[in-house]
Amino acid sequence: MISFRSRLTSFFILIVVVPMAAVGFLVFRLIDDSQSGKADARASGVASAAATVYESASSQASLRARTLAGDLALVPVAKLDKRAATFAAQLGLARVTIQVGARPVVDIGNRTAIAPGIALVTAAGKRPARTVTASQLTASAYANELASPGVDVVVRSGATTLASTLPGAAGRGLPTSRGSVTIGSNTYHVLTQRFSGFDHAQIAVSVLSNPAATGGSVGADRVLAAVFIAGFLILAFFFSLLASRALHGQLSQFLGAARRLAGGDFSEQVPTTGSDEFALLGQEFNNMSEQLERRLAELEQERSRVRKSIRRIGEAFASGLDRDALLELALKTAMDATNAERGRVSARQTPADPLQETIHVGRLAGLEGAIYDAERRALAADGVGEASVEDAHLATVALGSIAPGGPTHGLITVCREGRGFTEDDLELLRSLASQATLAMANVNLHYDVQRQAITDDLTALATHGHFQELLSAEMDEVRRYHYPVGLIMLDIDNFKSVNDVYGHQQGDLVLHSVADALRSSSRDVDVAARYGGEEMALILPHTDLEGAYEAAERARMAIEALQIPLLDGQGTLRVTTSVGAAASSDGNKNELIAAADGALYVAKREGKNRTVRASAHTANVVGGE
């Protein structure tokens with residue numbers, strides 16, 4: 001029976017020589033194809049980068065377009081061109097177009113601008129919708145950014161070449177997808193992609209890769225491959241004879257170790273003696289066993305982190321519009337992402353508020369000075385600051401501003417022991433801060449919309465609908481606990497003449513001033529509302545008819561004492577009000593409103609500038625003429 005060593009020698013030619021001959025043939029073919037393959041790979045890589053850069057620029061342009069749309073929302077059409085040019089320069093935009101309805105009214109900037117972003121200002125009243133399209137990237141800047149030695153970029157719109165880094169490529173027909181083109185003495189591999197441009201135009205971006213620029217000598221590569229294969233065959237023949245002597249024993253050891261690994265036993269290693277290849281192989285086998293054991297432990301940790309991430313996603317859905325919950329979630333995520341043990345969030349509710357600690361995790365005593373340094377650097381630099389004290393390392397990232405040019409929402413600070421933060425850690429914190437800022441902006445937007453729904457924009461009083469809701473809720477409490485609630489209805493005398501003589505802007509100022517006087521002359525628990533037009537109302541909890549009458553008189557006299565400046569600067573304007581006061585303890589909202597309204601109209605009929613109690617006889621009139 002042929003021994004293992006004899007079989008190894010006998011099959012050497014079949015096992016090594018024949019495959020190596022085939023490999024040599026393939027290597028020579030691959031050398032010939034390598035230049036073309038490198039050119040295709042390089043073109044594909046640049047094309048992928050081109051798509052990423054274009055989409056990123058378009059996303060950034062969309063943000064600039066929304067900012068510009070907000071700034072120009074109320075600008076008259078006649079002034080759009082000048083104002084748009086000013087804001088475009090401030091925002092660093094290459095081109096801006098604006099349509100009012102379906103009519104283009106503004107087109108400024110570089111006509112070769114690409115990667116546009118679009119923002120829509122919806123129609124309001126008689127003002128038609130506006131479409132703002134903006135770009136901050138020109139075709140030449142885009143092409144120059146992507147081009148590199150051996151790779152050129154051509155940007156076209158239809159038959160027009162917007163930019164080209166290859167002389168002679170302008171005006172040439174290029175493949176619409178993949179292909180080749182000969183320009184001058186070189187043949188280029190071409191990969192073309194299409195993107196959306198201004199006015200729905202198709203922007204064709206062609207990446208041209210020159211195989212001749214890959215470098216290297218085909219002849220030298222062939223000689224090197226031949227020498228390598230020949231040397232390998234010679235060495236393989238002699239070393240196979242030597243290796244066969246020790247191969248059988250080593251294979252037995254490897255087989256036993258492989259069986260143990262298959263059974264999940266990582267405790268016993270393969271014995272390694274000497275320093276030959278099998279000893280090295282044994283060491284690598286043992287290293288592989290250790291790495292596999294460590295990898296299994298890492299996978300278990302990763303599973304734990306995935307479970308935490310899933311729970312955190314659930315918390316994010318649950319927190320919804322809860323501002324504090326979002327900040328806590330952002331802090332815990334930042335700590336997990338950077339393996340930090342401690343951290344805190346400093347935030348503000350409004351731009352006028354100072355930064356104050358909102359949430360903290362772990363013990364921060366003794367780190368106050370380092371935290372202050374890191375936060376100060378984050379506010380003064382590019383949004384990220386670092387500091388350290390003894391073995392503790394801190395990193396702070398700033399959340400975005402509450403409003404353009406305004407102060408930041410807040411700061412997230414994380415702390416870990418033993419090692420500082422890498423650039424990857426800081427970039428991760430920047431990304432997290434960006435997402436948290438967007439979430440906070442959504443929360444603030446929700447609260448703003450909610451506030452606008454219940455607050456009159458002109459007077460800052462409650463709206464009519466909110467007044468009805470509050471009075472209904474108060475009446476529910478009245479029916480349950482049987483306490484009195486007062487209501488006064490107030491109407492500005494001769495308000496129409498103010499609008500007719502001085503204009504509606506002056507009338508708006510009168511409404512605003514009267515609302516301020518009504519609010520300042522009432523208690524904190526009272527609720528003032530704009531009932532409609534120039535008529536206002538005041539809900540007075542726990543107030544009987546006499547108390548309502550006294551509050552009405554106090555408000556009437558405060559308004560009568562107003563001196564409202566005229567908008568033309570030529571003096572002041574004084575106004576008076578007629579007021580009806582009523583009270584109820586039976587909880588009937590409609591009857592209470594009707595009683596106060598009826599008393600108001602009695603005050604009007606009796607000569608205005610007076611207060612009337614709602615009662616069976618409403619002739620009890622107090623006030624001046």
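For region 345-369, a residue qualifies if it is over 19 Å from residue 441 (Cα atoms), in contact (Cβ under 8 Å) with a residue 40 or more places away in the chain and open to solvent by 50 Å² or more (accessible area, probe 1.4 Å), but none of them does.
Among the conditions (1) open to solvent by 20 Å² or more (accessible area, probe 1.4 Å); (2) closer than 30 Å to residue 77 by Cβ, the only one that residue 147 does not satisfy is (2). In this structure, is residue 524 open to solvent by 20 Å² or more (accessible area, probe 1.4 Å), touching a Lys or Arg at 6+ places or on another chain (Cβ under 8 Å) and over 17 Å from residue 491 (Cα atoms)? No, not satisfied. In region 526-548, the residues that are free of Cβ contacts under 8 Å to residues at least 40 places away in the same chain and among the charged types (D, E, K, R) form no Cβ pair under 7 Å with any partner that is in a helix (DSSP H, G or I) and crowded, with 24+ Cβ neighbours inside 10 Å, whether six or more places apart or across chains. Pairing residues of region 53-69 that are in contact (Cβ under 8 Å) with a residue 40 or more places away in the chain and among the β-branched types (Val, Ile, Thr) with residues that are outside any helix (DSSP H, G or I) and open to solvent by 50 Å² or more (accessible area, probe 1.4 Å), at Cβ distances under 7 Å and at least 6 apart in sequence or on separate chains, gives 67/404.
The set of residues in region 186-203 that are open to solvent by less than 30 Å² (accessible area, probe 1.4 Å), in a strand (DSSP E or B) and small (Gly, Ala, Ser) is empty. Checking each residue in region 54-78 for being within 23 Å of residue 203 (Cα to Cα), surrounded by 16 or more Cβ atoms within 10 Å (Cβ to Cβ) and of a type outside the set (S, T, N, Q) picks out 54, 57, 61, 64, 65, 66.
Across region 156-185, the qualifying residues are those that are of a type in the set (S, T, N, Q) and touching an Asp or Glu at 6+ places or on another chain (Cβ under 8 Å), and the one among them that is surrounded by the most Cβ atoms within 10 Å (Cβ to Cβ) is 164. Restricting the search to strands (runs of 3 or more DSSP E) fully inside region 79-142 and requiring at least 1 residues that are open to solvent by less than 50 Å² (accessible area, probe 1.4 Å), within 20 Å of residue 162 (Cα to Cα) and small (Gly, Ala, Ser) gives 117-121, 130-135.
The requirement of being farther than 22 Å from residue 459 by Cα, in contact (Cβ under 8 Å) with a residue 24 or more places away in the chain and open to solvent by less than 40 Å² (accessible area, probe 1.4 Å) is fulfilled somewhere in region 549-568, by at least one residue.
Pairing each residue of region 579-592 that is more than 10 Å from residue 484 (Cβ to Cβ) and without any contact (Cβ under 8 Å) to a residue 60 or more places away in the chain with any residue that is of a type in the set (Ser, Thr, Tyr) and assigned to a strand (DSSP E or B), provided the two are 6+ apart or on different chains, yields C-beta distances under 9 Å for 591/584.
The values are calculated or read from the model by the stated rules, or taken from the named source; none is laboratory data. Please read all numbers here as calculations on a predicted model, not as lab measurements. Cβ coordinates were reconstructed from backbone atoms using ideal geometry, including for glycine residues, and neighbour counts include every protein chain displayed. With ligands, DNA and RNA removed, areas are computed over all heavy atoms of the protein, side chains included. Shrake-Rupley method; radii C 1.70, N 1.55, O 1.52, S 1.80 Å.
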